[in-house]
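Asker: Right, I'll just put the structure down here and ask away after.
The values are calculated or read from the model by the stated rules, or taken from the named source; none is laboratory data. What you are looking at is a predicted structure, and each value in this text was computed from that prediction instead of being measured. Reconstructed Cβ throughout: ideal geometry from the backbone, glycine too, with neighbour counts over all protein chains shown.
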């Protein structure tokens, strides 16, 4: 049964929806075999046989990494640009785009990754390489208790880049993808081209609240389906149906009826209302 196969680049909501889709079902499962396919972005970091007889104790998330905590070590899974997971008690044989099977007593966890930008990496602990290196530069978790308004503003004050670019970079706050950055900036009334270090504390606080609200709503709505997206129960994500600006270039703003504008920032599409987001 497929887990969420998110839009072109899975962001934090899609990864969290993926985690919620299989975390309870794989907990306490014993690993029978690990079967890598074609090389992924990074090497596994251990012999596949080393994972046999290990037990999956929990599945957590850090940014866009899924963390499978084992009784010895941890597996870090990243979906890359277009990857997805499936967890099925009776799966079909692996296809040519399936590049990793973790066979467990509860069923196999399979990584489907057409572009092979995803990864499955083992580490002895999160405090040791390669986990430490992969996670060290990640910013605050926007849905976590430590996403503090004052710390968020302090992080923005140290960045001269446009605010939308800073949100996407992931070193101040992690996992805010393109659709969610556009929506949060609209909700906060901030133009995406404004320099991050020029935001006042009051405006940064509005953006902080908007980021939390937009991402929480996206998880609640099952993520965004822009191409292929279905949950473990076959349901599509619906957040994109609620988008106020994303994907609505030329259409009237839902608040003021001004046509929504589309610009390019760092090779990414940015949508905003020139009236509601004047500065």
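Asker: Which condition breaks for residue 58 when tested against (1) assigned to a strand (DSSP E or B); (2) surrounded by 15 or more Cβ atoms within 10 Å (Cβ to Cβ); (3) touching a residue at least 24 places away in the same chain (Cβ under 8 Å)?
Answerer: Against the list (1) assigned to a strand (DSSP E or B); (2) surrounded by 15 or more Cβ atoms within 10 Å (Cβ to Cβ); (3) touching a residue at least 24 places away in the same chain (Cβ under 8 Å), residue 58 comes up short only on (2).
Asker: Going by the structure shown, is residue 113 at pLDDT 95 or above, under 27 Å from residue 19 (Cβ atoms) and under 17 Å from the mean Cα position of the chain (by Cα)?
Answerer: Details: at pLDDT 95 or above: no; under 27 Å from residue 19 (Cβ atoms): yes; under 17 Å from the mean Cα position of the chain (by Cα): yes.
Here the answer is no, as residue 113 does not meet what is asked.
Asker: Please tell me if residue 169 is surrounded by 24 or more Cβ atoms within 10 Å (Cβ to Cβ), under 26 Å from residue 80 (Cβ atoms) and within 15 Å of the chain's Cα centre (by Cα).
Answerer: no
Asker: Can you find even one residue in segment 143-160 that is part of a strand (DSSP E or B) and without any contact (Cβ under 8 Å) to a residue 60 or more places away in the chain?
Answerer: First, the residues of segment 143-160 that are part of a strand (DSSP E or B): none.
Checked segment 143-160: no residue is part of a strand (DSSP E or B) and without any contact (Cβ under 8 Å) to a residue 60 or more places away in the chain.
Asker: Taking the criterion of being assigned to a strand (DSSP E or B) and over 12 Å from the mean Cα position of the chain (by Cα), would at least one residue in segment 75-83 satisfy it? Show your work before the answer.
Answerer: Of the residues in segment 75-83, the ones assigned to a strand (DSSP E or B) are 75-78.
Add one more test, that the residue is over 12 Å from the mean Cα position of the chain (by Cα), and what stays is 75-76.
Yes; the residues of segment 75-83 include at least one that is assigned to a strand (DSSP E or B) and over 12 Å from the mean Cα position of the chain (by Cα).
Asker: Please verify whether residue 193 is modelled with pLDDT of 95 or more and touching a strand residue (DSSP E or B) at 6+ places or on another chain (Cβ under 6 Å), treating the condition exactly as stated.
Answerer: Numbers: modelled with pLDDT of 95 or more: yes; touching a strand residue (DSSP E or B) at 6+ places or on another chain (Cβ under 6 Å): yes.
Spelling it out, residue 193 is indeed modelled with pLDDT of 95 or more and touching a strand residue (DSSP E or B) at 6+ places or on another chain (Cβ under 6 Å).
Asker: So, in segment 34-55, how many residues would count as being over 30 Å from residue 172 (Cα atoms) and surrounded by 14 or more Cβ atoms within 10 Å (Cβ to Cβ)? Let's see the steps before the verdict.
Answerer: Within segment 34-55, the first condition is being over 30 Å from residue 172 (Cα atoms), and the residues that meet it are 34-39, 46-55.
Of the ones still in play, those that are also surrounded by 14 or more Cβ atoms within 10 Å (Cβ to Cβ) are 34-37, 46, 48, 50-51, 54-55.
Final tally of qualifying residues: 10.
Asker: Right, next: When residue 105 is evaluated against the numbered criteria (1) exposed (fewer than 15 other Cβ atoms within 10 Å of the Cβ); (2) over 22 Å from residue 29 (Cα atoms), which criterion, by number, is the only one it fails?
Answerer: Single failed check for residue 105: (2).
Asker: Quick one: how many residues across segment 177-211 are surrounded by fewer than 21 Cβ atoms within 10 Å (Cβ to Cβ), in contact (Cβ under 8 Å) with a residue 12 or more places away in the chain and in a helix (DSSP H, G or I)?
Answerer: 8
Asker: Here's a follow-up. When you scan segment 74-87, do you find a residue that is assigned by TED's automatic domain parsing to the domain that holds residue 23, out of contact with any helix residue (DSSP H, G or I) (no Cβ under 6 Å at 6 or more places or on another chain), modelled with pLDDT of 95 or more and surrounded by fewer than 21 Cβ atoms within 10 Å (Cβ to Cβ), even just one?
Answerer: Among the residues of segment 74-87, at least one is assigned by TED's automatic domain parsing to the domain that holds residue 23, out of contact with any helix residue (DSSP H, G or I) (no Cβ under 6 Å at 6 or more places or on another chain), modelled with pLDDT of 95 or more and surrounded by fewer than 21 Cβ atoms within 10 Å (Cβ to Cβ), which makes the answer yes.
Asker: So which residues in segment 20-40 are farther than 22 Å from residue 93 by Cα and at pLDDT below 95? Walk me through it before giving the result.
Answerer: Just the residues of segment 20-40 that are farther than 22 Å from residue 93 by Cα, to begin with: 20, 23-24, 27-28.
20 - this is the single residue of segment 20-40 that is farther than 22 Å from residue 93 by Cα and at pLDDT below 95.
Asker: Can you find a residue that is in a loop (DSSP other than H, G, I, E, B), assigned by TED's automatic domain parsing to the domain that holds residue 71 and in contact (Cβ under 8 Å) with a residue 24 or more places away in the chain anywhere in segment 126-134? Before the answer, list the steps.
Answerer: Of segment 126-134, the ones in a loop (DSSP other than H, G, I, E, B) are 126-130.
Imposing the further condition that a residue be assigned by TED's automatic domain parsing to the domain that holds residue 71 reduces the set to 126-130.
Then drop every residue that is not in contact (Cβ under 8 Å) with a residue 24 or more places away in the chain, which leaves 126, 130.
Among the residues of segment 126-134, at least one is in a loop (DSSP other than H, G, I, E, B), assigned by TED's automatic domain parsing to the domain that holds residue 71 and in contact (Cβ under 8 Å) with a residue 24 or more places away in the chain, which makes the answer yes.
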